[in-house]
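Read through the structure below, which is laid out as structure tokens, and then see the notes.
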Amino acid sequence: MESLKYMYAMAFAVEEINRNSTLLPGVKLGYRIVDGCSRYPWALQVALSLVGGDERSCSLTASMPHSASYEQSGETSMIIISEMSFPQISYMASCPCLSDRLKFPNFFRTIPSDIYQARAMARLAIRFHWTWIGAVLVNNDYGHLAIQVYVFVLYMSPSYKVQIYIYIYIYIYIFYCSQRNYYERCQTDSTQNSSFHCKGDSDLLLVYRCKENISGTGQNKYLAISKVASGVLGVAIKSSTIPGFESYLRNLHPVRRPDDEFLREFWEKEFGCNVSSLAKESLQKASLLPCSGTESLDGVQHPFTDTSQLRVAYNVYLAVYAAAHALHSLLSCPNRDSPLRNISTCSSPNHIKPIEVKMFITVSSYPQEFLKSQYDLVNWQNTPEGPLKLVLIGRVDGFDVHLNESAIQWSTGSSQVPVSVCSESCPPGTRMATRKGEPVCCFDCIPCAEGEISNKTGSPHCERCPSAFWSNAKRTVCIPRQLDFLSFNETLGITLTTAAVSGATVTTAVFVVFVCYRQTPMVRANNSELSFLLLLSLKLCFLCSLVFIGRPSVWACRFQQAAFGISFVLCVSCLLVKTMVVLVVFRSARPGAEALMKWFGPGQQRGSVCLFTCIQVIICAIWLSLSPPVPQQDLGFQGSKVTLKCAMASVVGFSLVLGYIGFLACTCLLLAFLARKLPDNFNEAKLITFSMLIFCAVWVAFVPAYVSSPGKYVVAVEIFAILASSYGLLLCIFAPKCFIILLRPEKNTKKYLMAR
């Protein structure tokens with residue numbers, strides 16, 4: 001039906017020119033029409049018969065001396081017959097290859113080259129950010145060259161990556177019956193966007209979301225009449241109007257054109273009757289009733305008479321006028337100074353040479369607007385009545401694409417541009433990881449690692465946060481790290497505080513018991529003065545651990561290590577002097593050893609404890625004055641937190657403090673071990689031995705634990721060592737004594753204690 005409209009557009013133009021008194025005056029144009037059926041051999045046969053003068057067929061001739069032809073055949077047909085010596089004006093052959101004037105000097109056309117149309121298609125894909133596209137194209141020059149331009153424009157676009165997913169070659173004469181096969185195949189493909197490159201009543205066609213239905217770009221009536229074409233966006237030949245053409249079509253009637261076999265066949269098909277004046281037709285039409293004569297196209301809504309969007313038909317109209325203007329210039333004897341000064345004589349209608357027509361078409365008569373790359377952007381949309389309608393939604397003018405996106409109705413029924421990508425853009429907080437062996441537009445989104453961020457969509461990599469910052473939970477922003485230290489509010493801090501306070505409380509309770517029973521043999525026999533001093537030092541040991549908890553400050557860092565070192569030296573010094581006194585007491589019982597006691601009287605005992613403690617005080621004073629511990633932020637590997645701790649500016653000072661405590665403890669352990677078997681019923685040296693074994697074991701284990709612990713747990717390890725050793729001393733030395741004092745008072749006698 002569309003081809004029939006093209007034929008009558010040519011006939012209308014010829015009749016209009018013949019009625020024109022200024023264009024080709026005195027010359028009448030004629031035409032003959034044959035059907036090449038889109039077969040290359042038939043097209044060649046028609047062309048040869050035209051040149052050879054075979055009256056059985058000719059191809060839209062302008063005058064009986066064949067001077068020009070208008071070909072509907074496709075690109076391949078035009079390439080085949082382009083070797084003929086007479087000029088050809090095509091209204092459908094849009095292959096870019098035919099623009100080569102050296103190879104095809106006799107070829108002209110009123111349709112732009114497909115290079116502009118493919119470029120417009122590619123620009124639409126870029127505009128919609130489609131990167132995963134399937135392609136279906138006709139297996140001829142049209143399809144091959146169109147896809148080459150299409151892919152080239154896509155890949156040359158800055159910062160744009162696209163993957164043409166699949167190529168399916170379909171010969172043009174079986175394309176329409178193969179749509180169903182393609183649609184079924186499309187249901188199993190992973191691409192979300194397909195691009196049809198076919199030729200018929202349309203140009204390029206882009207199909208979106210074929211798994212659901214089809215939408216995208218194109219103008220093919222065979223797809224348009226199908227419900228699967230809803231939402232198709234097309235790059236179509238520019239639509240124009242032909243004044244008077246609609247009235248011309250509506251007034252067509254077999255009675256007024258009795259020799260028009262094409263009109264007769266159309267009439268019988270549309271109205272289902274046999275034209276009475278031609279009733280002697282074939283037997284298969286004998287069953288048709290004769291037409292009444294009242295049948296008419298006037299006032300009837302029919303696609304044949306619809307001239308609202310004339311595209312190819314308008315190109316046919318222009319082609320006829322192009323040839324007519326060329327003939328007019330040729331027959332008007334142009335000025336000798338014109339570009340055609342090589343023509344020495346005027347031509348007459350009976351002596352027109354094809355080369356002369358060609359020269360006038362090339363130089364003077366061929367309207368330049370024919371070659372402008374102008375297209376319409378159209379969209380097939382659903383209507384309440386059911387059938388689809390073609391809506392103009394923009395235009396292409398050269399390199400400029402003017403599109404009203406809000407007017408587009410996609411397959412979803414909305415104007416929201418669909419997404420067609422192999423992989424969705426990675427959101428902020430992730431990075432793209434390409435899949436091995438797959439296109440660059442196919443990737444996985446990998447969350448950024450801790451301490452890394454990506455704050456934009458589609459980031460190829462994650463950025464590392466500065467050292468003082470860390471990534472948030474979504475890995476989109478670097479935020480300042482939180483300060484982390486052992487505080488009184490957290491579980492670990494509360495547990496250690498409770499243990500320290502409990503130890504100090506128990507020590508106070510023992511002190512009270514010893515004060516209340518200070519006149520009993522148990523208290524007096526174990527050097528009550530050193531016992532009270534030992535309890536006081538143990539209480540200081542428990543309480544000094546509290547200094548390590550809380551936010552580190554300059555004075556807290558200095559005081560905590562000094563308090564720890566002095567308290568434990570005081571405690572161990574008391575035990576060391578007590579052990580020495582025990583040994584001296586038993587040694588003094590031997591003949592000649594009485595002089596030893598004068599060196600270990602109460603004054604000497606207090607002086608010894610004071611001397612041992614002063615040495616530690618001096619060490620701490622020198623250490624803290626030269627290179628004291630200072631608060632420091634430890635970035636370390638603690639993730640989003642920065643550990644605030646007391647950094648040891650001088651490891652030597654801290655080592656001397658611990659080493660001195662260790663020296664006193666080892667000396668005390670050695671002396672207590674030597675005095676463990678002295679023959680008293682209650683030998684305090686045994687208790688000191690066990691307590692010092694626990695003390696030394698705790699601090700030997702402390703060193704590796706302290707070095708290997710991360711962050712705030714370094715402080716927790718030191719507090720644990722302080723509390724563990726303090727509890728060991730308290731329980732090993734004073735628990736047995738309190739047991740006898742409170743629960744076994746019958747053993748709290750001098751006789752029992754002195755028993756061997």
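Annotations
- Total residues in region 436-460, condition more than 13 Å from the chain's Cα centre (by Cα) and either within 28 Å of N379 (Cα to Cα) or open to solvent by 40 Å² or more (accessible area, probe 1.4 Å) (or both): 6
- Single residue of S420, S467 found to be assigned to a loop (DSSP other than H, G, I, E, B) and either in contact with a Phe, Trp or Tyr (Cβ under 8 Å, 6 or more places away or on another chain) or surrounded by 17 or more Cβ atoms within 10 Å (Cβ to Cβ) (or both): S420
- Answer residue from region 393-417, given it is out of contact with any Phe, Trp or Tyr (no Cβ under 9 Å at 6 or more places or on another chain) and small (G, A, S) and is farthest from Q381 (Cα to Cα) among those: G394
- Of all residues in region 478-496, those satisfying the criterion of being more than 12 Å from I549 (Cα to Cα) and touching a Phe, Trp or Tyr at 6+ places or on another chain (Cβ under 9 Å) are C478, I479, P480, R481, Q482.
- Of all residues in region 681-715 being of a type in the set (F, W, Y) and not in a loop (DSSP other than H, G, I, E, B), the one that is farthest from I549 (Cα to Cα): F690
- Members of region 558-568 that are surrounded by 23 or more Cβ atoms within 10 Å (Cβ to Cβ) and over 16 Å from Y727 (Cα atoms): Q560, Q561, G565
- Test: S308 is at pLDDT 80 or above, surrounded by fewer than 15 Cβ atoms within 10 Å (Cβ to Cβ) and of a type outside the set (D, E): yes
- Within region 503-530, considering residues that are of a type in the set (G, A, S) and out of contact with any Phe, Trp or Tyr (no Cβ under 6 Å at 6 or more places or on another chain), the one surrounded by the fewest Cβ atoms within 10 Å (Cβ to Cβ): A509
- Selected residue (criterion: least open to solvent (accessible area, probe 1.4 Å)) from residues of region 470-502 that are under 18 Å from S725 (Cα atoms) and in contact with a Leu (Cβ under 6 Å, 6 or more places away or on another chain): A500
- Among the residues making up region 424-462, those that are in a loop (DSSP other than H, G, I, E, B) and touching a residue at least 40 places away in the same chain (Cβ under 8 Å) are P428, G429, P439, V440, C441, C442, E450, G451.
- Residue that is modelled with the highest pLDDT [pool: residues in region 12-44 that are farther than 19 Å from F262 by Cβ and in contact with a helix residue (DSSP H, G or I) (Cβ under 6 Å, 6 or more places away or on another chain)]: I17
- Within the set L644, L658, L624, the sole residue that is open to solvent by less than 60 Å² (accessible area, probe 1.4 Å), assigned to a strand (DSSP E or B) and among the hydrophobic types (A, V, I, L, M, F, W, C) turns out to be L644.
- Selection within region 690-745 - farther than 26 Å from I494 by Cβ, β-branched (V, I, T) and open to solvent by less than 30 Å² (accessible area, probe 1.4 Å): I733, I740, I741
- Here S296 passes the criteria (1) at pLDDT below 85; (2) among the hydroxyl-bearing types (S, T, Y); (3) more than 60 Å from the chain's Cα centre (by Cα) except the one numbered (1).
The values are calculated or read from the model by the stated rules, or taken from the named source; none is laboratory data. All of these numbers come straight from a predicted model, not from anything done at the bench. Neighbour counts are summed over all protein chains in view; Cβ atoms, including those assigned to glycine, are modelled from backbone coordinates with ideal geometry. These area figures cover heavy atoms from the full protein model, side chains too; ligands, DNA and RNA do not enter into them. Shrake-Rupley method; radii C 1.70, N 1.55, O 1.52, S 1.80 Å.
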